[in-house]
Amino acid sequence: MLKNESIGYLDVSVPAGISLEKEIDALRKEKNAVILAHYYQTGAIQDIADFVGDSLALAQWAEKTTADVLVMCGVHFMGETAKILCPDKKVLVPDLNAGCSLADSCQACDFEKFIREHPGHTVISYVNTSAAVKALTDIVVTSTNARQIVESLPADEKIIFGPDRNLGNYINSLTGRNMLLWDGACHVHEEFSLEKILELKKHYPEAAVVAHPECRKPVLTVADFVGSTAALLNYTVKSEKKQFIVATESGVIHEMSKRSPEKTFIPAPPNDSTCACNECSFMRLNTMQKLYNCLKYEIPEIYVDEAIRQKAVKPIRRMLEISEKLNL
Ligand code: 13P
Ligand code: SF4
């Protein structure tokens, strides 16, 4: 039996001597498949993907593709979002164990209770949530559009924002709102340490610090620029600075270096480690071998309960409509 659902991916060895790049390319054509990858994937996966983007761009791309099979090289909620938008397509993720500590910090039953305890609120959820949490939500946001979507609501609107407390606090500080926050966080971004970044700044005094809004407030306070992965990437391309300390998952440095080979990118170190970079262990579960097997055997596939999907698609579509109007 090829299928090994208990471990979340196909544990089949690849024939010796084959070129994974060539085989993946041939399979993609044969099956009319597209490969989408998030910036936190390995360089090899980003290089072979048809499209590399942030969470918003991946959802926008998934919605528009005419392919029959969509391979989401990212984490589970990204595959779920694609499946919610494209129920008739086969959506695959190379390793189903690619979860997300932030999404896991907000279980649907607990979030439902929280919403019940605070009636009269509009519920905004970050895209890093399960389909079941999205089904309880009025508008989904990503780090690219969260500020604009919150600002598009009346100033006195009562809002619940979940699950990322750091992003929620950051949006509160930018907009002057007082959104009620769910107390969740991403284990990767929480690990960046102000002290270590300041230490690095001593070695690279000219470097600009760029940070993802999932980082804690002290890190965001010293950052020269805060934004989603795509926004950080664009900033490094446009900036006249030559060195950047990057406080987000270090996979994004692959594309930053490709776009600006003359610039230097220094991964901000995590707090409690001698390692010089910070990688999301979930994102890194996807490998070229698993991508090859997943395309070849068309498993593991993402399934979403139809009743949940019908509820979850509404707040995602609302986000996509507002983003289109705002040109995001
Ligand atoms: P963005 O790519 O939307 O910035 O999200 C970062 C992230 O943590 C994805 O899991
Ligand atoms: Fe989730 Fe954090 Fe990994 Fe992004 S980096 S997928 S938020 S655990």
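The values are calculated or read from the model by the stated rules, or taken from the named source; none is laboratory data. Note that the structure is a prediction, hence the values are computed from the model and not measured. Methodologically, a virtual Cβ is constructed for each residue, glycine included, from the backbone with ideal geometry; neighbour enumeration extends over all protein chains shown. Only protein heavy atoms, including side chains, enter the accessible area calculation; ligands, DNA and RNA are left aside. Shrake-Rupley method; radii C 1.70, N 1.55, O 1.52, S 1.80 Å.
Within the option set THR122, THR137, THR142, THR129, being surrounded by fewer than 18 Cβ atoms within 10 Å (Cβ to Cβ) and within 27 Å of ALA82 (Cβ to Cβ) holds for one residue only, THR122.
Considered as a group, the residues in region 257-281 that are among the aliphatic types (A, V, I, L, M) and surrounded by fewer than 23 Cβ atoms within 10 Å (Cβ to Cβ) include one that is modelled with the lowest pLDDT, and that residue is ALA276.
Out of region 235-266, which residues are in a loop (DSSP other than H, G, I, E, B) and either small (Gly, Ala, Ser) or under 20 Å from the mean Cα position of the chain (by Cα) (or both)? Of everything in region 235-266, those that are in a loop (DSSP other than H, G, I, E, B) and either small (Gly, Ala, Ser) or under 20 Å from the mean Cα position of the chain (by Cα) (or both) turn out to be SER239, THR248, GLU249, SER250, GLY251, SER260. Of all residues in region 64-82, those being open to solvent by 10 Å² or more (accessible area, probe 1.4 Å), within 12 Å of ligand 1 (Cβ to nearest atom) and assigned to a loop (DSSP other than H, G, I, E, B) number 0. Determine whether ALA44 is open to solvent by less than 10 Å² (accessible area, probe 1.4 Å) and touching a helix residue (DSSP H, G or I) at 6+ places or on another chain (Cβ under 6 Å). When the stated conditions are applied, ALA44 does not pass them.
Each row is one residue, and each column tells you yes or no for (1) among the charged types (D, E, K, R); (2) part of a helix (DSSP H, G or I); (3) modelled with pLDDT under 95; (4) under 20 Å from ILE299 (Cα atoms).
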| position | (1), (2), (3), (4) |
| --- | --- |
| ALA62 | no, yes, no, yes |
| ILE84 | no, yes, no, yes |
| ASP95 | yes, no, no, yes |
| PHE111 | no, yes, no, no |
| ILE115 | no, yes, no, no |
| ASN128 | no, no, no, no |
| THR137 | no, no, no, no |
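I'm trying to understand the selection: among the residues of region 169-214, which are under 22 Å from VAL133 (Cβ atoms), part of a loop (DSSP other than H, G, I, E, B) and either within 13 Å of ligand 2 (Cβ to nearest atom) or open to solvent by less than 80 Å² (accessible area, probe 1.4 Å) (or both)? Matches in region 169-214: ARG177, MET179, TRP182, ALA185, CYS186, HIS187, VAL188, HIS212, PRO213, GLU214.
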